[in-house]
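The block underneath contains the structure these notes are about, expressed in structure tokens.
The values are calculated or read from the model by the stated rules, or taken from the named source; none is laboratory data. Keep in mind it's a predicted model, so treat the numbers as computed, not measured. Glycine also receives a Cβ, built like all others from the backbone with ideal geometry; neighbour counts cover every protein chain displayed.
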Amino acid sequence: MKVERCEAGSVAPDLEFQTATGERARLSALHKGPVVLIFVRHLA
Amino acid sequence: MRARYDEIRALGGEVIVVSFEPASRLSMYIEDHGWPWQVVADPERAGYAAFGLTSATWGAMLRPRVMVKFIQLLRRGLKLRRPSPHVDVLQLGGDFVLDGDRRVVFAHRSTDPADRPPVEALTTALRKLAGSGPAPTSAPPASERPAAT
């Protein structure tokens, strides 16, 4: 998927993630409303 | 972040943590840390790419402030786990605030593992969305703010 880099003011793509149970979920389905989205580096 | 989580929820927000570890490993980390928020996997790092998150150099990883932060985390009981095979241990993270239409209202891309915005920057952005107070669109330089946890 080629997308433009998300900058302040741009609209983020509706990314698809996997939940801890392995289900696929779109960002829009994870929460209806404002989101603090934190991309972490290697979990420890 | 944990101390401000109730405030974030009260502002209508939710915290979603994205990891590039496989989904099968997430439960272990969630249990270790007792995180109350959602943690999801992005093993192909499509989200990392979309948000312009790059990999650090080893030089950045070994900066003194990164070492200090690492020692602080160890003292707080950080459990060290070997990363999954083939993951990029140099991948950097970032913090973003999106409104309900996924419009980015705050963006911070880490320049090293210790470079995190203050939680106040995130809650201020949420507060602006909720209709009160000005919102920053990025955090001040790391040298001008305390390290976030």
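Could you check, for the stretch B:73-90, whether at least one of its residues is in contact with a helix residue (DSSP H, G or I) (Cβ under 8 Å, 6 or more places away or on another chain) and at pLDDT 85 or above?
Yes, the stretch B:73-90 has at least one match.
Assess whether residue B:29 counts as being in contact with a Ser or Thr (Cβ under 8 Å, 6 or more places away or on another chain) and among the hydroxyl-bearing types (Ser, Thr, Tyr).
Yes: the conditions hold for residue B:29.
Can you pull out every residue in the stretch B:1-55 that is closer than 17 Å to residue B:88 by Cβ, of a type in the set (S, T, N, Q) and crowded, with 17+ Cβ neighbours inside 10 Å?
Passing the criteria: only B:19.
Which residue, of B:82, B:45, is within 16 Å of the chain's Cα centre (by Cα) and more than 8 Å from chain A (Cβ to nearest Cβ)?
Only one candidate qualifies: B:45.
From the list A:12, A:29, A:20, A:8, pick out the single residue that is more than 7 Å from chain B (Cβ to nearest Cβ) and either modelled with pLDDT under 95 or loosely packed, with under 15 Cβ neighbours inside 10 Å (or both).
Going through A:12, A:29, A:20, A:8 in turn, just one is more than 7 Å from chain B (Cβ to nearest Cβ) and either modelled with pLDDT under 95 or loosely packed, with under 15 Cβ neighbours inside 10 Å (or both): A:29.
Could you say which residue among B:1, B:67 is more than 19 Å from residue A:15 (Cα to Cα) and in contact (Cβ under 8 Å) with a residue 40 or more places away in the chain?
Among B:1, B:67, only B:1 is more than 19 Å from residue A:15 (Cα to Cα) and in contact (Cβ under 8 Å) with a residue 40 or more places away in the chain.
Need a quick list: helices (runs of 4 or more DSSP H) entirely within the stretch B:1-56 having at least 1 residues that are over 11 Å from residue A:19 (Cα atoms) and small (Gly, Ala, Ser).
B:5-10, B:46-50
Which one is modelled with the lowest pLDDT among residues in the stretch B:52-72 that are of a type in the set (Ser, Thr, Tyr) and within 18 Å of the chain's Cα centre (by Cα)?
Once the filter is applied, the top-ranked residue is B:55.
Starting from residues that are among the β-branched types (Val, Ile, Thr) and in a helix (DSSP H, G or I), keep the ones in the stretch B:61-87 and report whichever is surrounded by the most Cβ atoms within 10 Å (Cβ to Cβ).
B:66
Out of the stretch B:88-123, which residues are in contact (Cβ under 8 Å) with a residue 12 or more places away in the chain, assigned to a strand (DSSP E or B) and within 7 Å of another protein chain (Cβ to nearest Cβ)?
B:91, B:94, B:95, B:96, B:97, B:105, B:106, B:107
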